[in-house]
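Enquirer: My structure is below; once you've seen it, I'll send some questions.
The values are calculated or read from the model by the stated rules, or taken from the named source; none is laboratory data. Here the structure is a predicted model, which is why all the values come from computation and not from measurement. Cβ atoms come from the backbone with ideal geometry, glycine included; neighbour counts cover every protein chain shown.
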Amino acid sequence: MIQDVFGQPVELTQPYDFSFVLQYGRPFSVQPQRYTGMISFGVESMQYGRLLVRFAGAPLADAVLPPLENAVRLCEAMPVYEKLYPHPALIRLQGHGAIGDGYAALFRWEPGESLQTRSAQRRLAHQPLISRLRMLDTLFDFHAFALSEGFLAANVKEDGLLADFDTGIVRICDIDRYRFLPAINDRGRLFASPDYLAPEEYVQGAVLDGLTVEYAMGALAFFFLAEHHSREAQDWTAGQALYKVAVRACSAEREKRYSSYPVFLSAWREAVGQTTL
């Protein structure tokens, strides 16, 4: 069934009362997130200003998991946001709790566009090389911080990244599936875009560690710096030194990648210094 949710048609399996959102302010944006069981609201009020309210627990038609399980997953992700809050690249958590037969997390509203959209990807492709490299360095630095705090990046994807092209700032807005280290692949093929999945993320029982994150960051480099996100040398736009680092980071064989995430990051930054901007 289709229900009107603050002016936005949303496909549900049964009617649901979203009126609890009004206590945070006037909704100006409604965005169901495909397959995740989440729905996000942009709200504005005199008391709170602009907020992003992410909610799990509604019976969204395309959700992979039941509403209660989605709510539990969002609740369990909150300690990760709290632990990684000090890094400025992460969207700012303002509060969270059970509400409306589900669970809500409140974040500060940030300007920008999801890098999942074609319009944002076109704008990214036309940014100066130095701007794209700065965005990448922010993302690489965040994941170095996450590893140092004992968290493994998981489910890296474009729609978890928000870019403000006016300021050149990129923010990470979805770390719900990040894992505590040490980590083992407990299910086989993990939930994520195949572009960012290392081979070990398809194998049940495989070790997941900094080399797994290195692979995802190498894939991000191709997203930011290659035409059509291709991994072919002729489509790369940022010089041979950086291309070699990205290719090595994305090696299918773990032993061919850099020996650790810090070693990868050091090699990347050294190659940036050799690149004509």
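Enquirer: Looking at the stretch 186-277, what helices (runs of 4 or more DSSP H) fall wholly within it and have at least 3 residues that are closer than 27 Å to Thr117 by Cα?
Expert: On the way: elements: 210-225, 240-249, 261-273.
Hits in the stretch 186-277: 210-225, 240-249.
Enquirer: Could you list, in sequence order, the residues of the stretch 174-192 that are over 25 Å from Pro262 (Cβ atoms) and either among the acidic types (Asp, Glu) or under 13 Å from the mean Cα position of the chain (by Cα) (or both)?
Expert: Asp176, Asp186, Phe191
Enquirer: Only one residue in Ile91, Ile130, Ile39 is among the hydrophobic types (A, V, I, L, M, F, W, C), modelled with pLDDT of 95 or more and farther than 30 Å from Arg269 by Cβ, so which one is that?
Expert: Sole residue among the options that is among the hydrophobic types (A, V, I, L, M, F, W, C), modelled with pLDDT of 95 or more and farther than 30 Å from Arg269 by Cβ: Ile39.
Enquirer: Further question on the same structure: When only residues in the stretch 160-205 that are among the small types (Gly, Ala, Ser) and in contact with a Ser or Thr (Cβ under 7 Å, 6 or more places away or on another chain) count, which is nearest to Cys250 (Cα to Cα)?
Expert: Just the residues of the stretch 160-205 that are among the small types (Gly, Ala, Ser), to begin with: 160, 163, 168, 183, 188, 192-193, 198, 205.
Adding the requirement that they be in contact with a Ser or Thr (Cβ under 7 Å, 6 or more places away or on another chain) leaves 168, 198.
On the way: Gly168: 26, Ala198: 8 Å.
If we take residues in the stretch 160-205 being among the small types (Gly, Ala, Ser) and in contact with a Ser or Thr (Cβ under 7 Å, 6 or more places away or on another chain), then Ala198 is nearest to Cys250 (Cα to Cα).
Enquirer: Also, quick follow-up: I need the full set of residues from the stretch 37-54 which are free of Cβ contacts under 8 Å to residues at least 24 places away in the same chain and in a loop (DSSP other than H, G, I, E, B), in order please.
Expert: Of everything in the stretch 37-54, those that are free of Cβ contacts under 8 Å to residues at least 24 places away in the same chain and in a loop (DSSP other than H, G, I, E, B) turn out to be Met46, Gln47.
Enquirer: Now, a different point. In the list Leu115, Leu93, Leu12, which residue meets the criterion of being touching an Asp or Glu at 6+ places or on another chain (Cβ under 7 Å), in contact (Cβ under 8 Å) with a residue 24 or more places away in the chain and either of a type outside the set (Asp, Glu) or exposed (fewer than 13 other Cβ atoms within 10 Å of the Cβ) (or both)?
Expert: Just a single option satisfies the conditions, and that option is Leu115.
Enquirer: Would you be able to tell me the number of residues in the stretch 60-94 that are part of a loop (DSSP other than H, G, I, E, B) and among the hydrophobic types (A, V, I, L, M, F, W, C)?
Expert: The qualifying residues number 6.
Enquirer: Please name all residue pairs, on different chains or six or more residues apart, with Cβ atoms under 8 Å, provided the first residue is in the stretch 154-176 and is outside the structural domain of Ile91 (by TED's automatic domain parsing) and surrounded by fewer than 20 Cβ atoms within 10 Å (Cβ to Cβ) and the second residue is among the basic types (Lys, Arg) and assigned to a strand (DSSP E or B).
Expert: From the stretch 154-176, the pairs are Asp164/Arg171.
Enquirer: Would you confirm whether or not the stretch 177-197 contains a residue that is within 24 Å of Val247 (Cβ to Cβ), of a type in the set (A, V, I, L, M, F, W, C) and free of Cβ contacts under 8 Å to residues at least 24 places away in the same chain?
Expert: The answer is yes, given that some residue of the stretch 177-197 is within 24 Å of Val247 (Cβ to Cβ), of a type in the set (A, V, I, L, M, F, W, C) and free of Cβ contacts under 8 Å to residues at least 24 places away in the same chain.
Enquirer: When you scan the stretch 55-113, how many residues do you find that are under 22 Å from Phe191 (Cβ atoms), more than 16 Å from the chain's Cα centre (by Cα) and among the β-branched types (Val, Ile, Thr)?
Expert: Qualifying residue count for the region: 2.
Enquirer: Sticking with this structure for a sec: So Gly97 passes all but one of these: (1) part of a helix (DSSP H, G or I); (2) not assigned by TED's automatic domain parsing to the domain that holds Leu162; (3) not charged (D, E, K, R). Which condition number does it fail?
Expert: Only one criterion is unmet by Gly97, namely (1).
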